Each structure stands twice: as structure tokens, then as C-alpha cells.
Amino acid sequence: MWKNRHLLGIAHLTRDEILELLDAAVRWFDLPRDGTGSPRVLQGRTVVNLFFESSTRTRTSFEVAGKRLGADVVNVSPQTSSVTKGETLLDTVRNLEALRADAIVLRHASSGAPEFVARHTMAAIVNGGDGAHEHPTQALLDAFTLRRRKQRIEGLVVAICGDILHSRVARSNALLLGALGAEVRLCGPRTLMPRDAEALGPTVRVFGRIEDAVDGADAVMMLRVQNERLAGAMIASTREYARTFGLNARVLARAKPDAIVMHPGPINRGVEIDPRIADSDRSVILDQVEAGVAVRMAVLEKVIQAADVHRAGIRATA
Ligand code: ASP
């Protein structure tokens, strides 16, 4: 039974809680496309997307997820909010709470920002990506996609290649896949590999060559070089990077014949991934996006229900 009124990171979840979310998402994923049977379980509730970093998929996906459940979804952009007038993150959140936001999806460049805010609000806080720390709903939708394609997660070999150092996606995935018993192979240039990468889980191993990481893998997840976190300065050149760490047909041939190719997006065609691979039938990149809506429906429903229980508990003891 789900009890968390926040989703701050995979590190806070048990194996059973991860499975509970994935199972709940299946129900939303299987809803008919024509809108019939749409369960308006969040009717009258308000979800606020508060994104301090750029986003296409995550923000839109939370918006669609909330709306499919009947919630009102409001997007707040820092560029046009009073953040530009010097308002703090906490004051911004407290004001959104005063407007009766039930859930706030927060994306922020600072690791730990959602955790900090969560300590000071009654609203449910969902981490939409914090710095290089965690991106829990991305890892959940990746697991959802993997499970759909491979019917299991335990025992799978998943290679995650690219800018591991700056990747909240890699961290959340290493934690989640480890918790569900998959082998995780992290691969990238030494300059873009955290020193403590293997500490991310007992099933995590680090590789310096993409060919070795991909060898016999069930899934290959490619990551973008995060230039906004100055990663571009940590590689020799884009062309050299593409040659050494890019996924192309030659490298993919090392994986299992039925291996799938994943990417959280945005993809940089011709850098970390050959466009022909990204567009091939091995790629599940757009399936990941589709899964994201169902996963976020499950998350929003559960955290808002848990926040209601929490609020009722406080009222009862007051
Ligand atoms: N969209 C993902 C994230 O926000 C991956 C990326 O930006 O490269 O972390």
C-alpha cells in the first residue's frame, strides 16, 4: 500500500514500492485511446509544473498525465514568474500551496531542491529532475518499457552509455535496475564517469569501452553529453566522442540479437547515436515517451492520495 506523499528519488523507494508504481501504470497504459473509460480520479485537484530547467517530454507528459486523470494542470515558468524579481524557491512553493496546489512537479538545477522543498510544504512534491542527482519518473518509465518488451527486469543486462557524471537518468536507473535485479553496465569517457559509480548498486559495473559494455546486453541506453553542465569541455571533440562512444550498427551488433535501444531524450543525432539506429525498429525511444504518461498518471494519483491522508492525519491530531 502506497504511503509516500512525495516522490523524491528512487533511492527512497523499496522494491515493492517500485513494483506497485509499475503495476499501477499498466492500468493507465491500457486505457482506450478514444478517451472512453477515462477515470477522473483527480477531478478538481491542481497539479503545478514548476520547471526551472528546460524540458519537452517530462513537463508535457506530467501535463497530459494530470489532465487524463481530470486534474487542472498549471505550468509555471520561472522566466515569467516572480523568481525573476528575487523570490526564493521556498516562497514560490508556499505561494503555490496557498493557491491549493495538490502536487508540485519540480525540476531544478540544484541537486536536493525537491527534498528541501518537501520538508516545508503540505503539497505532494514530485522530483521532475534535480541537477545531476535523480530523475525518478524517467527511471520508472524506462523500467516500464523494459518490462513490456522483455517481460521481466531481473537478470537483464542493461548498458548505459554516455555522460554518466552529469546524468540523473543514469543514477536513477542504476538504483532502480539494481533494486529489481538487473545487471547495470555504465560506460563513458573517464572524464564523464563519477569516481564512485560502482557504489550506485551491487549490480553496477563500469566499462571504459562501449564495445565491452554492450557485449551481450539486452538493452542499450544512450545518454546525451550535457553541455549545459559544461560536459562539452570534458571531451576531446564531438566527432571523436561519436567515433569512440557513439552507438552505431557495428557496436550494436555486439549486443543480443533482440536487444533494444533506449534514450531518455533529447537525442543528439550523430553524436551519441547514429540516426539510423535511433529510427530503426530496435529503438524504443518513442515507446519510452508513451510509457511516461502512464507512469506519471500512477505517480500523481498515488502521491496526491497520500498527501490527503497526511493532511487528514494532521487535522485529526490538531
Ligand atoms: N531529459 C533527461 C533529463 O532531463 C536527459 C537529458 O536531458 O539528457 O535528465
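Bear in mind that the values in this text are calculations on the coordinates, not laboratory data. Remember, it's a predicted structure, so these values are computed and weren't measured experimentally. Here the Cβ positions follow ideal geometry from the backbone for every residue, glycine too, while neighbour counts run over all protein chains shown.
For the chain, set up a Gaussian network in which alpha carbons nearer than 10 Å are linked by springs, and say which option among 122, 262, 234 fluctuates the most.
Greatest mean-square fluctuation among the candidates belongs to 234.
Once you charge only the Cβ atoms, +1 for Lys and Arg and -1 for Asp and Glu, what is the size of the charge dipole of the range 6-118 about its Cα centre, to the nearest 20 debye?
Details: 13 positive and 14 negative charges, 69 e Å.
Dipole size: approximately 340 debye.
Let me spell out the model: positive unit charges on the Cβ of Lys and Arg, negative unit charges on the Cβ of Asp and Glu, origin at the Cα centre of the chain. What dipole size does that give, in debye rounded to 20? Don't jump to the answer; show the numbers that get you there.
Numbers: 42 positive and 37 negative charges, 35 e Å.
Dipole size: approximately 160 debye.
Can you bin the chain into rounded, prolate or oblate? Criterion: square roots of the alpha carbon gyration tensor eigenvalues sorted a ≥ b ≥ c, rounded for a/c under 1.5, prolate for a/b above b/c, oblate for the rest.
Values: a/c = 1.88, a/b = 1.53, b/c = 1.23.
Cα axes put the chain in the prolate bin.
Taking Cα atoms, how many degrees apart are the long axis of helix 285-317 and the longest axis of the chain, rounded to 10 and kept between 0 and 90?
It works out to around 30 degrees.
Can you give me the long-range amide H partners of residue 124? Hydrogens built in the peptide plane at 1.01 Å from N, cutoff under 5 Å, separation of 5 or more residues or another chain.
Answer set, sorted by chain and number: 103, 104.
In debye to the nearest 20, how big a dipole does the range 102-182 give about its Cα centre with +1 on each Lys and Arg Cβ and -1 on each Asp and Glu Cβ?
Working: 9 positive and 7 negative charges, 70 e Å.
Dipole size: approximately 340 debye.
Taking θ as phi - 60°, what are the ³J(HN,Hα) couplings along the range 170-181 by the Karplus curve (6.51, -1.76, 1.60), each to the nearest whole Hz, with x for Gly and Pro?
Per-residue couplings from phi come out as 4, 4, 5, 5, 4, 5, 5, 5, x, 5, 9, x Hz.
Select from the range 82-186 those GluC sites (Glu not before Pro) which occupy a DSSP coil region and have at most 12 other Cβ atoms within 10 Å, ordered by residue number.
Taking the range 82-186 and a limit of 12 other Cβ atoms within 10 Å, the loop GluC sites (Glu not before Pro) found are 154.
Would you mind classifying the range 176-224 by shape? Square roots of the alpha carbon gyration tensor eigenvalues, ordered a ≥ b ≥ c; an a/c under 1.5 is rounded, otherwise it is prolate if a/b is larger than b/c and oblate if not.
Details: a/c = 1.81, a/b = 1.13, b/c = 1.60.
Note, shape of the range 176-224 comes out oblate.
For 18, 104, what ranking results if the residue with the fewest other Cβ atoms within 10 Å of its Cβ goes first?
Values: 18 20, 104 26.
Listing 18, 104 from fewest to most nearby Cβ atoms yields 18, 104.
First select every other residue whose beta carbon is under 14 angstrom from the beta carbon of residue 201; then total the charges, Lys and Arg +1, Asp and Glu -1. Could you put the intermediate results ahead of the total?
Numbers: positive: 15, 171, 185, 205; negative: 134, 154, 183, 196, 198.
With Lys, Arg at +1 and Asp, Glu at -1, the neighbours total -1.
Toward the positive end of the charge dipole of the range 1-105, about the Cα centre and with charges on Cβ (Lys, Arg +1; Asp, Glu -1), which of 66, 83, 22 goes farthest?
Farthest along the dipole direction, towards plus: 66.
Restricting to the chain, compute how many DSSP beta bridges are antiparallel as a %, nearest 5.
Details: 1 of 36 bridges.
Roughly 5 percent of the DSSP beta bridges within the chain come out antiparallel.
Taking the Cβ of residue 92 as the centre, find all other residues whose Cβ is under 14 Å away and add up their charges (Lys, Arg: +1; Asp, Glu: -1).
After counting each charged neighbour, the total is 0.
Pick out which of 131, 35, 112 has the largest mean-square fluctuation in a Gaussian network model of the chain, springs linking Cα atoms closer than 10 Å.
Answer for the Gaussian network model of the chain: 35.
Measuring from centroid to centroid over Cα atoms, what is the spacing of the range 65-107 and the range 178-225 in Å?
Comparing the Cα centres of the range 65-107 and the range 178-225, I get a distance of 35 Å.
Quick check: net charge around residue 214, other residues with Cβ under 11 Å of its Cβ, Lys/Arg +1 and Asp/Glu -1? Mind dumping the intermediate values first?
Details: positive: 185, 209, 250, 254, 256; negative: 211, 212, 215, 218.
Neighbour charge sum, excluding residue 214 itself: +1.
Which value in deg cm²/dmol, rounded to the nearest 500, describes the helix-derived mean residue ellipticity at 222 nm for the chain, given -39,500 (n - 2.57) per DSSP H run of n ≥ 4 and division by the residue count?
Values: 11 runs with 124 residues, N = 318.
Taken over the chain, the calculation gives -12000 deg cm²/dmol.
With a 10 Å cut-off between alpha carbons and a GNM built on the chain, which of 210, 273, 235 moves the most?
Between 210, 273, 235, it is 235 that shows the largest mean-square fluctuation.
Indicate the gyration tensor shape class of the range 154-306 (rounded, prolate or oblate), computed on the Cα atoms with a ≥ b ≥ c the square roots of the eigenvalues: a/c under 1.5 is rounded; otherwise a/b larger than b/c is prolate and the rest oblate.
On the way: a/c = 1.40, a/b = 1.32, b/c = 1.05.
Rounded.
For helix 57-68, what angle does its Cα long axis make with the longest principal axis of the chain, in degrees from 0 to 90 and rounded to 10?
40
Using only Cα atoms, find the angle between the long axis of helix 136-150 and the longest principal axis of the chain, and express it within 0 to 90 degrees, rounded to the nearest 10.
60
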